[in-house]
1. Scan the stretch 56-92 for residues that are touching a Leu at 6+ places or on another chain (Cβ under 9 Å), part of a helix (DSSP H, G or I) and modelled with pLDDT under 85 and report the count.
2. When you go through (1) modelled with pLDDT under 80; (2) open to solvent by 40 Å² or more (accessible area, probe 1.4 Å); (3) more than 47 Å from the chain's Cα centre (by Cα); (4) more than 29 Å from A116 (Cα to Cα) one by one for R24, which number turns out not to apply?
3. From the list G274, G237, G215, G257, pick out the single residue that is more than 22 Å from the chain's Cα centre (by Cα), small (G, A, S), at positive phi and open to solvent by 30 Å² or more (accessible area, probe 1.4 Å).
4. Looking at the stretch 313-355 only, could you name the residues that are over 30 Å from A468 (Cβ atoms), in a helix (DSSP H, G or I) and open to solvent by less than 10 Å² (accessible area, probe 1.4 Å)?
5. Please indicate, with yes or no, whether at least one residue in the stretch 434-443 is part of a loop (DSSP other than H, G, I, E, B) and either touching a His at 6+ places or on another chain (Cβ under 6 Å) or not polar (S, T, N, Q) (or both).
6. Pull up the stretch 118-141, narrow it to residues that are part of a loop (DSSP other than H, G, I, E, B), modelled with pLDDT of 85 or more and more than 17 Å from the chain's Cα centre (by Cα), then point me to the one that is surrounded by the most Cβ atoms within 10 Å (Cβ to Cβ).
7. If A390 satisfies every condition in (1) open to solvent by 30 Å² or more (accessible area, probe 1.4 Å); (2) at pLDDT 95 or above; (3) assigned to a helix (DSSP H, G or I) but one, which is the exception?
8. Could you list, in sequence order, all residues of the stretch 142-179 that are hydrophobic (A, V, I, L, M, F, W, C), touching a helix residue (DSSP H, G or I) at 6+ places or on another chain (Cβ under 8 Å), farther than 22 Å from L352 by Cα and not in a loop (DSSP other than H, G, I, E, B)?
Amino acid sequence: MTVSGTTSGDGAAGRGDGTAAGSRTAWTDAWDVLLASAPARRRGRVLQSALREAVRSGRLAAGTRLPSSRELAADLGVSRGLVTDAYEQLTAEGYLRSGHGSGTWVGDAVRAAAPAVRDRAPHPAGARADFVPGTPDLSLFPRAAWGAAQRSVLARLPHRALGYPDPRGLPELRTALAALLTRRRGVVADPERLLVCSGVAQAMTLLGFALHRRGARTVGVEDPGSPENVAVLGAAGLRTVPLPVDSDGLVPGALRGAGVRAVVTTPAHQYPSGIAYSAARRTELLDWARSVDGFVLEDDYDGDFRYDRAPVGALQGLDPERVAYMGSVSKSMAPGLRIGWLLAPEQLTEELVERKRTMDLGNPVLEQALLADFVEQGGYDRHLRRCRLAYQRRRDTLIAALDEHFPGTEVSGIAAGLHVIALLPGLYGPEARFLKRAAGAGVALRALAYHGTARPDDGRVRLVMGYAHQSPSDITRGVRLLAGAVGRG
């Protein structure tokens, strides 16, 4: 017994009634297997699920007439009532249609099979070498230690902890993070004012909504800076104003003349220029915030990684009532964990907590408990030390490779973070041609111009080159490939 699509006139194969006689089809055989392996009490559900999937996938096309309940029950060796119930359920859901005395047919509510699932993660397509910045080495993720922490946490986590959490985050994680950030980044960290977020993007979205509610319509952003800030703040109804950055930080005159009362900064290691804000510029930035009754939104982008000295402390430690501090594990561990934090000024805290509650009812409990355990047991510090040594070596490797294959290249920025700024000699320009040749050779690159509006018109090539996610040998090979692709002039 098979089923087939309807035909014009009365030419349905063999029967003239829209069904076909003959051998059983593969999908009917599959039902047999499913039903035979299923407990008796579940066979009705299995049959319904198989029918739904056959309609969704297009194996049973719209207009196909199904066997009568008596025929299908006999064919499958089940009760007629089981088949009748399945037909009635799927008719109620719209998958099938039936009429008195006219049989059961596949309905037309489901038009086509579901499309293939796409992966829209930001991976450079077909890259032979990848220098796009912003990603740590995911192969360094501490799988063994994380797995051990997971087993330990699951064994002792009380049942009540699996309910809806405090929207700020689990108390044990907020306590652990407050201690960690105070020790490593010099912040003033009250666990009651710390919110666990899905990365810096969510933290900034929360702040954007809070600022908008207070009447703000514009926010200053660094130029050059992260283009993502424009989209994130825009989703909260805020327009961004690009503000120039020089070798000391945000230019004070431009900031005061912009008419904004909030600004996003990366003062410990400015992204992407790589400078650290000078002490004088940090003071001027805080003076501005106090004078306009405004806020500094501090993104501690990759502040844990400095290779020539101890990292500069966070700006928030100087004035926790004017600085909202944001950070995450995206650069220190893995962006896929989607765990970050926000230390809020007191006057914004309750509003941010309520917005966080309505936004997502809190972050996943198990991941929070895991990170708390990982931090408390020293795993986070050990992981950072391991990464710091690896990334320092890779930075040195990239600089040496650029010096060998692109002699005269100027590398700027402090010895920190996950990327460098490379200014190539003039003979390699213009930049557009350089980037086109690199792309043709399968080398993924990002120009400094991608990150801002200020674009010097001198014909030279300025690159933001990420190195943390590549092995030293891959870095050397990639620079050699790039040199062979772009030539000279």
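1. Looking only at that region, the number is 1.
2. (4)
3. Numbers: G274 fails: open to solvent by 30 Å² or more (accessible area, probe 1.4 Å); G237 fails: more than 22 Å from the chain's Cα centre (by Cα); G257 fails: at positive phi.
Sole residue among the options that is more than 22 Å from the chain's Cα centre (by Cα), small (G, A, S), at positive phi and open to solvent by 30 Å² or more (accessible area, probe 1.4 Å): G215.
4. L348, T349, L352, listed by residue number.
5. Filtering the stretch 434-443 down to residues part of a loop (DSSP other than H, G, I, E, B) leaves 441-442.
Subsequent filtering for residues that are either touching a His at 6+ places or on another chain (Cβ under 6 Å) or not polar (S, T, N, Q) (or both) retains 441-442.
Looking through the stretch 434-443, at least one residue is part of a loop (DSSP other than H, G, I, E, B) and either touching a His at 6+ places or on another chain (Cβ under 6 Å) or not polar (S, T, N, Q) (or both).
6. We begin by selecting, within the stretch 118-141, every residue part of a loop (DSSP other than H, G, I, E, B); these are 118-128, 131-137, 141.
Now drop any that are not modelled with pLDDT of 85 or more, which leaves 127-128, 131-137, 141.
If we keep only those that are more than 17 Å from the chain's Cα centre (by Cα) as well, we get 127-128, 131.
Values: A127: 16, R128: 15, F131: 26.
It comes out as F131.
7. All conditions pass for A390, except number (1).
8. Listed by number, the residues that qualify are A145, W146, A149, V153, L154, A161, L162.
The values are calculated or read from the model by the stated rules, or taken from the named source; none is laboratory data. A quick note: this is a predicted structure, and the numbers were derived from the prediction, not measured. Glycine gets a Cβ as well: all are built from the backbone with ideal geometry, and neighbour counts include every protein chain shown. We work out accessible area using only protein heavy atoms, side chains counted, and drop any ligands, DNA or RNA first. Shrake-Rupley method; radii C 1.70, N 1.55, O 1.52, S 1.80 Å.
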